[in-house]
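Working notes, beginning with the structure itself.
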Amino acid sequence: MQRPMLFSPLKLRGVVAANRTVVSPMVQYRATDGLVNDYHLVHLGKFALGKFGIIFTENCAVVPEGRVTQGDLGMWDDGQIEGHKRLTRFLKQEGSLAATQITHAGRKASSPRQFDKPDEFGPKGANWRRWQVYGPSALSAGERYSETPLALEVPQMEAIVKKFGEAARRADAAGYDIVEIHGAHGYLLAQFLSPISNKRNDQYGGDRAGRMRFPLAAAKAVRENWPEHKPMFIRVSAVDGGGGWDVDDTVAYAHELKALGIDVVDTSSGGLTGLSTAAPIKRDLGFQVPFAAAVKRGAGIPTMAVGLILDGPQAEKILQDGDADLIAIGRQALYDPFWPVHAAQELGCDEKFEMWNPEYGWWLDKRKNNLPAERAATGLVK
């Protein structure tokens, strides 16, 4: 049979992903001083054994005050490079492309973990402390974000742009194949894009061109500090969830990003004032895929689809329909770290477990011979 598109290679500049499956960035709140530790190696390493083509770290802050929480990873100091090298070595050894996401949370920084109770702020005994947060304007992100931000001055913004470039240089030194800017979910770059959070009256506010100026400057700095042969992604919220930024705006933005050398638009939604996806949008299977399709067709740039993509046939249809070029799996990957090889079995292209590492595949193929006939095709036992 013809190999499914989901498991066809994808060349991005000078690197090749073995397949179109991607582990989406997901924060874990387990770092101290932004440093990679054993937890991150085990957490991300299992996805490499599951044969994801591209594996993203969680968002890594470009400055300490740009962390969402005190437990986030960082890319603001050269001392953090060696820990990241541990990750990239293992992920690449197992055949995956190693990818990282860099960010500044802006007014959504200095936050509790998403699952913290109202009287909690980080792990018990960790002594997490709040810090002053900044945004395009002195407007809070909402009840959960108790700190009122200070409006950034232009010299501060120029310094942050420089920090994005420096973070890209560190990501390259750490061995990452792909870098992504987190420009979605109400973090700093998204805050500048939306007129709801950006009330500036200087060159960085006002009309859409003014509001795009700072995010585009950050993207330009990353591209200039990131090797020409390595691809660069950006995550965007196609709609901001508050009615200030819509798909047409995102398509216009994607045109500008493409001109700067961005290779893939990772298309999500919402998060400006609350959750990381737009509240008015019904959360159904593949609910954000139409955004990826609109950006891909409207701006002529490759896109990555994300959001309630659960199985191989669903992912394959997205690719076959031309709605996206890559499939990002988030929470479903936490549920099933071996999602790609299971998807391959669902699509009927790996009956002998040949996509698995031989240390696993040999045993699983042998096990298949002892299963009831109706289950032998996939080897899945319930």
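The values are calculated or read from the model by the stated rules, or taken from the named source; none is laboratory data. Keep in mind that this is a model prediction, so the values were computed, not measured. Every residue, glycine as well, gets a Cβ built from its backbone with ideal geometry; the counts of neighbours run over all protein chains shown.
What number of residues in region 1-36 are of a type outside the set (A, V, I, L, M), over 27 Å from A61 (Cα atoms) and crowded, with 16+ Cβ neighbours inside 10 Å? Lay out the reasoning, then the answer.
So in region 1-36, the residues of a type outside the set (A, V, I, L, M) come out as 2-4, 7-9, 11, 13-14, 19-21, 24-25, 28-30, 32-34.
Checking the rest, the ones that are also over 27 Å from A61 (Cα atoms) come to 2-4, 7-9, 11, 19.
Cutting the leftovers down to crowded, with 16+ Cβ neighbours inside 10 Å gives us 4, 7, 19.
Here the count works out to 3.
List pairs: first in region 321-338 and closer than 18 Å to A18 by Cα and without any contact (Cβ under 8 Å) to a residue 60 or more places away in the chain, second among the β-branched types (V, I, T) and surrounded by 22 or more Cβ atoms within 10 Å (Cβ to Cβ), Cβ under 7 Å, 6+ apart or cross-chain?
A324/V289; A324/T303; A324/I318
Here is a yes/no grid of residues against (1) buried (at least 24 other Cβ atoms within 10 Å of the Cβ); (2) within 25 Å of S24 (Cβ to Cβ); (3) modelled with pLDDT of 95 or more:
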site	(1), (2), (3)
Q191	yes, yes, yes
E224	no, no, yes
P227	no, yes, yes
K230	no, yes, yes
F233	yes, yes, yes
S237	yes, yes, yes
L260	no, yes, yes
L272	yes, yes, no
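Return the total of residues in region 127-144 being part of a loop (DSSP other than H, G, I, E, B), more than 22 Å from the chain's Cα centre (by Cα) and either surrounded by fewer than 18 Cβ atoms within 10 Å (Cβ to Cβ) or of a type in the set (A, V, I, L, M, F, W, C) (or both).
Result for region 127-144: 12.
Mind checking which helices (runs of 4 or more DSSP H) fall wholly inside region 295-382 and carry at least 1 residues that are under 20 Å from the mean Cα position of the chain (by Cα)?
On the way: elements: 312-320, 331-335, 339-346, 358-368, 373-376.
So the answer is 312-320, 331-335, 339-346.
Can you find, within region 37-68, the residue that is surrounded by the most Cβ atoms within 10 Å (Cβ to Cβ) among those that are more than 17 Å from the chain's Cα centre (by Cα), within 19 Å of R170 (Cβ to Cβ) and not charged (D, E, K, R)? If you could, list the steps in order and put the result at the bottom.
The first filter runs over region 37-68 and keeps only residues more than 17 Å from the chain's Cα centre (by Cα), leaving 37-39, 41-42, 46, 49-51, 63-65.
From what is left, the residues that are within 19 Å of R170 (Cβ to Cβ) are 37, 41, 63-65.
Filter again for not charged (D, E, K, R), leaving 37, 41, 63-64.
On the way: N37: 14, L41: 16, V63: 20, P64: 15.
My answer is V63.
Note down all Cβ pairs under 9 Å where the first residue falls in region 47-58 and is touching a residue at least 24 places away in the same chain (Cβ under 8 Å) and under 13 Å from T88 (Cα atoms), the second is surrounded by fewer than 24 Cβ atoms within 10 Å (Cβ to Cβ) and basic (K, R), and they're at least six residues apart or on different chains.
A48/K92
Read through the list (1) assigned to a helix (DSSP H, G or I); (2) in contact with a strand residue (DSSP E or B) (Cβ under 9 Å, 6 or more places away or on another chain), then give the number of the only condition that A217 fails.
(2)
Out of all the residues in region 85-110, which are within 19 Å of the chain's Cα centre (by Cα) and either farther than 30 Å from A217 by Cα or part of a loop (DSSP other than H, G, I, E, B) (or both)?
L91, K92, S96, H104, A105, A109
With of a type in the set (G, A, S), out of contact with any Leu (no Cβ under 6 Å at 6 or more places or on another chain), part of a loop (DSSP other than H, G, I, E, B) and at positive phi as the only criterion, which of G271, G241 stands out? If you could, list the steps in order and put the result at the bottom.
Details: G241 fails: out of contact with any Leu (no Cβ under 6 Å at 6 or more places or on another chain).
After applying the criteria, what remains is G271.
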